[in-house]
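Data first, discussion second: the structure below is written as structure tokens.
The values are calculated or read from the model by the stated rules, or taken from the named source; none is laboratory data. Quick caveat: nothing in here was measured; it's all calculated off a predicted structure. FYI the Cβ positions are ideal-geometry reconstructions off the backbone, even for glycines, and counts take in every protein chain you see. We work out accessible area using only protein heavy atoms, side chains counted, and drop any ligands, DNA or RNA first. Shrake-Rupley method; radii C 1.70, N 1.55, O 1.52, S 1.80 Å.
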Amino acid sequence: MLDLLLPALLAAALGLLFAGALRRIRLWRRGRPEPVAFLAGLAAMPRRYLVDLHHVVERDRYMSNTHVATAGGFVLSMLLIVPVHLFGLESRWLNLALLLATLLMFCGAVFVFLRRRNPPARLSRGPWMRLPKNLLVFSASFFVLTLLSSGLLPEGFGGWVLGILLAAGVAFGLAEMLFGMGWGGPMKHAFAGALHLAFHRRPERFGGGRSTGLKPVDLGAPTLGVARPEDFTWNQLLGFDACVQCGRCEAVCPAFAAGQPLNPKKLIQDMVVGLAGGSDAGYAGSPYPGVEPGNASGAPHQPIVDGLLSAETLWSCTTCRACVEECPMMIEHVDAIVDMRRFLTLEKGETPNKGAEVLDNLIATDNPGGFAPDSRMNWAADLNLPLMAEVGRAEVLFWVSDGCFDMRSQRILRAFVEILKAAKVDFAVLGNEECDSGDLARRLGDDATFQSLARQNIAVLNRYRFERIVTTDPHAFHVLKNEYGDFGGHYEVLHHSTFINGLVRDGRLQLKAHKGGTVTYHDPCYLGRYNGEYEAPRALLNALNIELSEMERSGYRSRCCGGGGGAPITDIPGERRIADMRVEDARAVQADLIAVACQQCTAMLEGVVEPRPQIKDLAELVADALVEEVHEPRKAAMSPGPKTAVSQEQP
Amino acid sequence: MPVETSLNIAALVSVGQHPVSGRARRADQDARAVELGLTLAGRSLSLVHVGDAGEPALRQYLGMGLHTMTVLQEAPEADAVQPLLQYFATHPADIVLAGVQAERGEASGLLPYLLAERLGWPLVPRIAQIRAIENGRAEVLQALPRGQRRALTVPLPFIATVDSAAPGARQTAFGPGQRGLFDIQRGVAQPDVARAEWMETQARPRPKRLNVVKAKSAAERFKAATAKPQGQGGQVMKQESSREKAQAIFDLLVAEGVIRQ
């Protein structure tokens, strides 16, 4: 009986898989066209899966090993099941290999099963709870079947009872593994995920690369930004479908932890609902904090905002990229959120709270605070800084950024100038010719204002000759380095932490040891995750003889200060403040001082009520530790030449 | 708000000037007038500008959600009253909204008055809100200093200037602003002869009136900041001779320390 039933079942399941796959592909293709390297992508897929994706999965060892066994076993099994059980190929070796493959898959499935007995909150339940059982049933059934067909068991073993059991097992297993793959079951992730890796919108991310700059909006397009699911590009839709609902993004999302109405996993699942049509009633994971699931519905041609999700969800994001960094499927959450914000800002004019005012200021005064554009250099009135307009060329162009209007940030800028002067760096500033980098406008979705600021800045920068740009602001750093290229601005840009570290390494700065209590370092998102600079700030602190007491979340897992992505401007209420949680992280390691490398982080963390650790920028720490050449006029008469005052230390 | 839907409402808009940077923008009060018009009439509000359709700042008004703007194309030195009169002769309106005064140019705030005079309509200066329009009459809230309001009833048609106390203008969206269309009508205006004869000089900051703080307690300061000025202090001199009047002014200037003896 099984001899006839099995090939029929297999053929039917494969046929349904094929039909489901075509249907799924049709759903993705409702998105906007986007050219991809089709064949190259497919060719690169195995490597991307086995190497790049595996690097991310491996951060959770348990799941990594489990997945290798389960997925590897399954792929191997399927490759062997088709010749052995569908085409009836008889070979001892094939049978043996298939036995091993199903055994491997079974072992993996056991661990999946164990994990699912009491799953952490970040995992989705629902259909995912039945997956381990079906994995076990599939692998066990084919194991026994192969035993039977290979003649390793006595003829008539088990009789018709076993036959029926095996038939049922195969049917269940195939339904989950093949039918579900094409028709939206949990195994959909295998099919969509593989294609997503092949046709990823940021192929530069693979092979250890980095691609974090937002893609520009065509300002002449009939609609700007994403209003409906079909306004996403087709490979973005494909990316959403690849989600495995593992909830790693949810676990690291600062907005979710703060109780703001954002959960990156739910957001991606809502997009899946949008591309396929339906409601979120079937969603079985954590909801957006404070929002009951089940009331959202959508379709490819229906507006997303106020159908699938509320605008507040989109504005809660700090664009810290923690979710993207953690996602084992390499989904681009931040791109999707900014695309939807672009529609709200550029088409609807609905930037919440202070957003409209800040954007107006950027348009009218080139800075978000609405300060007079010709007062940019007031902070340095006594510093006698060389202006590019006067000198024309310099080794280093110091990009001051909008910290110049903020009294706290001015202290960082002054500290950095002190360092530049101490190291005798040939530098100049743009002065009033500098405009806001446009970071804020771009994260708030106003790509028009961003592009106009970027073009103005590039026109100014192209007038002068310099070797590199150095800035104390990681947001400006990121934008200048990674986003100006699309408009013809290609520069070597360094963050001040990297630059000062270079000066120290070259022996151009004499530093004395830092005195004081425990120090921890807060990685700014736009320096760390966006640009991969984790080492230089630490090396610099090390040069100050500081032994860092690292917070639990540091480096690529650093928690956001809450200041990115225009979040302080749009100011969506939550239950806690992100900055409070970050300072709590620092308190947990008994830090007396949080070293930061971003004026936005300084502002956010210093906004936490005292008592809390002191907050100091790297530039301030270095400037405090500079061994200065002190000219003492009275003594100079007795002993000519500058004296090095090593022993003069601050109390 | 009970509003008859068949009403024709127009807003006059000008090119503004940012107070800090001096860049062209949508004028604040004009934008409030557009906002008021949008809440009354929605997208059937007509926008009218006299000047140059090539000015990019005009698109900021379209970005508030309107598809078209009528531009009466005129040279910068033209008098705006004549083209507007001609426009309203062919496009009758029930309510015309405008800012109190322009942010650049003469900025005399006279245009609505001249227009009202020539049209023979009433003018309601500095309104903050139109509460209702029923049976050919509008119930209007006029903004007075220090947050006070006065309710007025005005027969249609009328012109109203919109005060800075009116609700702020909605955000302007780039996309609709760029796609909005200009309905350009060629000029009929005569050059403003009177203005051509004027000599323009750079403005100098006007000297500030001295602020004599008389309040001693927080309650007094609060009252001074919020209550209607009563014209307290000082004296009214009518019968006295010119010499006595001059002496009184002189004494005050000495007392306030403006001049020293």
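What is chain B by shape, rounded, prolate or oblate, if you read a ≥ b ≥ c off the alpha carbon gyration tensor as root eigenvalues and call it rounded for a/c under 1.5, prolate for a/b larger than b/c, and oblate otherwise? In terms of gyration-tensor shape, prolate.
Return the FRET efficiency for the residue pair residue A:58, residue A:100: r is the Cβ-Cβ distance, R0 is 30 Å, and the value is rounded to the nearest 0.05. For R0 = 30 Å, the calculated efficiency reads 0.80. Of the residues making up segment B:148-175, those losing 10 Å² or more of accessible area when the isolated chain is joined by the remaining protein chains, with a 1.4 Å probe, are B:171, B:172, B:173, B:174, B:175. Please give the net charge around residue A:217, taking every other residue with its beta carbon less than 15 angstrom from that of residue A:217, where Lys and Arg add +1 and Asp and Glu add -1. Around residue A:217, the surrounding residues sum to 0.
Shape class for the protein assembly as shown, computed from the alpha carbon gyration tensor (a ≥ b ≥ c): oblate, with a/c not under 1.5 and a/b at or below b/c. Here the contact order of segment A:134-212, divided by its residue count and restricted to Cα pairs under 8 Å and six or more residues apart, works out to 25 percent. Under the simplified labelling scheme, the residue B:134-residue A:165 pair shows an inter-label distance of 8.3 nm, with each label point 7 Å from Cα along Cα→Cβ.
Here the sum of -39500 (n - 2.57) over DSSP H runs of 4 or more residues, divided by the residues of chain A, equals -14000 deg cm²/dmol at 222 nm, to the nearest 500.
Listed as lacking a disulfide-compatible partner in chain A: A:107, A:243, A:246, A:253, A:317, A:327, A:404, A:435, by the criterion of no other cysteine Cβ under 4.7 Å. Take the Cβ atoms of residue A:157 and residue A:38, set R0 to 30 Å, and the FRET efficiency comes out at 0.05. Shown here for segment B:201-261: GluC sites (Glu not before Pro) in loop regions (DSSP other than H, G, I, E, B) with at most 14 other Cβ atoms within 10 Å, namely B:240, B:256. Relative contact order of chain A, taken over Cα pairs closer than 8 Å and 6 or more residues apart, is 12 percent. For trypsin sites (Lys or Arg not before Pro), the sites in segment B:168-225 that DSSP calls loop and that have at most 11 other Cβ atoms within 10 Å are B:186, B:208, B:209, B:214, B:216. Distance from the C-alpha centroid of segment B:27-99 to that of segment A:496-555: 57 Å, rounded to the whole angstrom. Highest mean first, the peptides A:533-543, A:32-42 sorted by other C-beta atoms within 10 Å per residue fall in the order A:533-543, A:32-42. Label-to-label distance, residue B:106 versus residue A:463, with points set 7 angstrom from Cα along the beta-carbon direction: 3.8 nm. Between the listed residues B:252, A:485, A:56, the Cα displaced farthest toward the positive end of the dipole of the protein assembly as shown, a dipole computed from Cβ unit charges relative to the Cα centre, is found at A:56. The length gained on full extension between residue A:393 and residue A:87, counted as 0.36 nm times the residue separation minus their Cα-Cα distance, comes to 102.7 nm. Solvent-accessible surface (1.4 Å probe) assigned to residue B:241 amounts to roughly 50 Å². Using a cutoff of 8 angstrom between alpha carbon atoms and counting only pairs six or more residues apart, the relative contact order for segment A:177-261 works out to 32 percent. Extending 7 Å from the Cα toward the beta-carbon at both residue A:592 and residue B:77 defines two label points whose distance is 7.4 nm. Taking a ≥ b ≥ c as the square roots of the Cα gyration tensor eigenvalues, with a/c under 1.5 meaning rounded and otherwise prolate when a/b beats b/c, else oblate, which class fits segment B:111-261? Prolate is the answer for segment B:111-261, as a/c is 1.5 or above and a/b outweighs b/c. Rounded to the nearest 0.05, the FRET efficiency derived from the C-beta distance between residue A:490 and residue B:225 at R0 = 45 Å is 0.20.
Kindly point out which whole DSSP H helices in chain B project their C-alpha atoms 20 angstrom or further along the helix axis while averaging a Kyte-Doolittle hydropathy of 1.6 or above. In chain B, no H run is both long and hydrophobic enough. Compute the label zone of residue B:148 within segment B:210-224: residues whose backbone N is under 15 Å from the point 7 Å along Cα-to-Cβ. The answer is B:223-224, whose backbone nitrogens lie closer than 15 Å to the label point. Candidate membrane-span-like segments in chain A, meaning DSSP H helices with Cα atoms spread over at least 24 Å of their own axis and a Kyte-Doolittle mean of -0.5 or above, are A:2-28, A:61-81, A:92-117, A:127-149, with no membrane implied.
Buried surface for the A/B pair, taken as the accessible area of each chain alone minus that of the pair with a 1.4 Å probe, is close to 1200 Å² in total. Think of chain A as a dipole: +1 on every Lys or Arg Cβ, -1 on every Asp or Glu Cβ, centred on the Cα centre; then among A:349, A:362, A:372, A:349 lies furthest on the positive end.
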